[in-house]
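Take a look at the structure below.
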Amino acid sequence: MSKGIQNIAVMTSGGDAPGMNPAIRAVVRASVYYNKEIFGIYRGYEGLIEGDIERFTARKVSNIINRGGTILKTARSEEFRSVEGRKKAYENLIKNNIDALVVIGGDGSFRGMKIFAEEFDFPVVGIPATIDNDISGTDYTIGFDTAANTAMEAIDKIRDTASSHNRLFFIEVMGRDAGFLAAYSGIAGGAEDILIPEKDRGVDSLLQALKRSKRSGKTSSIVVVAEGEKSGKNVFELARYVEQNLHDYEARVVIIGHIQRGGCPSVFDRVLGSRLGVAAVEALLDGQRNVVTGFRNNNVIVYPLEEAITEQKGVSKELIRIIPILTT
Ligand code: F6P
């Protein structure tokens, strides 16, 4: 293992995701295990620019594996987009004798990390954590499983009231431009239809499908809509259009929103965070630079940062193909 790296810093950045704490814990404990110094940076790049940095011990991360959010707090930093901001960030790393940086976050955080690493020739490793699951190269990102379960539980609850009142519900789930959360929670929640940005359905095809299911005897329905799906402009417009064209169905709209980002991480996210955290430290100590840890085909992998941010990732063709079968 490389002797070059003695002091490692870890931060969380961008939208919080359940499982970030297990990942922080793993980075801290792996660093201690390999006799390295470990520093926590608060509030992502913003805290790095302001020098909000603390030396961590293994005990600092006790009793956090079960907690949602991030003990390091997080932010989306405007200042880090500027050269001046990144220069301040670099100076703070040097001031604290930090040799390498681990960033737990999503694609926006990784883009900033790549520019920074190239500008200052600084060793970085990314750990993909976002409820959107939209990072290329890894099958799953930390937080997606917990968020999908949260959305599914909300759908289950709404189904009770939908069927009691014979109503049609449009449920918007998060995911930014990707449809993973909608596809997974919609399939798991037995939705009558699922709209995702990866498949341009058009509102009229939705209308026809709902008419068919009504004729077949359904008295209530749930349509899960990804926030990035824009065929009806927005979920309220979509619901209005459908209601106007599908008589005898009273429609309601629910936006699950930030509830999806909170809560205790699932077993999957705790174990994923733990594995990717250890892998990040080991990758650095093995001399790897500008890489991301991920989970592909049931294996922990380390792959180029470039791949994580340049390639487009969306819901698989197989999943898209089975949605109409399951919602018939
Ligand atoms: O990237 C995670 C995410 O929750 C997206 O699903 C959503 O579009 C966005 O963040 C919301 O961001 P904010 O918390 O800044 O409103």
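Quick notes
- Charged-residue dipole, Cβ positions (Lys, Arg, Asp, Glu), the stretch 145-261 about Cα centre, Debye nearest 20: 300
- Take every Cα pair under 8 Å whose residues are at least 6 apart in sequence, average their separation, divide by the length of the chain, and the relative contact order is 24 percent.
- Note on the chain: Kirkwood radius taken over Cα pairs, Stokes-Einstein applied at 37 °C and 0.692 mPa s, translational D equal to 159 µm² s⁻¹.
- Taking every C-alpha pair closer than 8 Å and separated by at least 6 residues, the mean separation divided by the residue count of the stretch 145-261 gives a relative contact order of 39 percent.
- Shape class of the stretch 145-261 from the alpha-carbon gyration tensor: oblate, with a/c at 1.5 or above and b/c at least as large as a/b.
- Membrane-span-like helices of the chain, defined as complete DSSP H segments with a Cα extent of 24 Å or more along the helix axis and a mean Kyte hydropathy of at least 0.0, are identified as 267-285.
- All aspartates and glutamates inside 13 Å of LYS230 as judged from Cα atoms, apart from same-chain residues fewer than 8 positions distant: GLU172, ASP177, GLU198, ASP200
- The portion of the accessible surface of the chain made up by carbon and sulfur, rounded to a whole percent, is 48 (1.4 Å probe; DNA, RNA and ligands excluded).
- 5 angstrom amide H check on PHE169, placed H, neighbours 5+ away: SER221, ILE222, VAL223, ARG252
- Placed amide H near ILE301: partners under 5 Å, 5+ positions off or other chain: GLY294, PHE295, ARG296
- Extending 7 Å from Cα along the Cβ direction at SER205 and again at VAL83 yields two label points whose distance is 4.8 nm.
- Ranked by how many other beta carbons lie within 10 Å on average, peptides 134-140, 322-328 from highest: 134-140, 322-328
- Amide proton proximity set for ILE255, modelled H, under 5 Å, gap of 5+: GLU172
- Accessible area per residue in Å² at 1.4 Å probe, computed on the stretch 207-319: 51
- Cβ crowding within 10 Å averaged over residues, with 17-30, 90-103, 258-271 ranked highest first: 17-30, 90-103, 258-271
- Farthest positive-ward along the stretch 139-250 dipole, Cα basis, beta-carbon charges - from THR141, ASN166, GLY186: ASN166
- Qualifying aspartates and glutamates (Cα of each under 13 Å from Cα of LYS211; at least 8 residues distant if same chain): GLU192, ASP193, GLU243, ASP248
The values are calculated or read from the model by the stated rules, or taken from the named source; none is laboratory data. This structure is a prediction, so every number in the text was calculated from the model and none was measured. We place every Cβ from the backbone using ideal geometry, glycine too, and count neighbours over all the protein chains shown. Note: areas computed on protein heavy atoms with side chains; ligands, DNA, RNA excluded. Shrake-Rupley method; radii C 1.70, N 1.55, O 1.52, S 1.80 Å.
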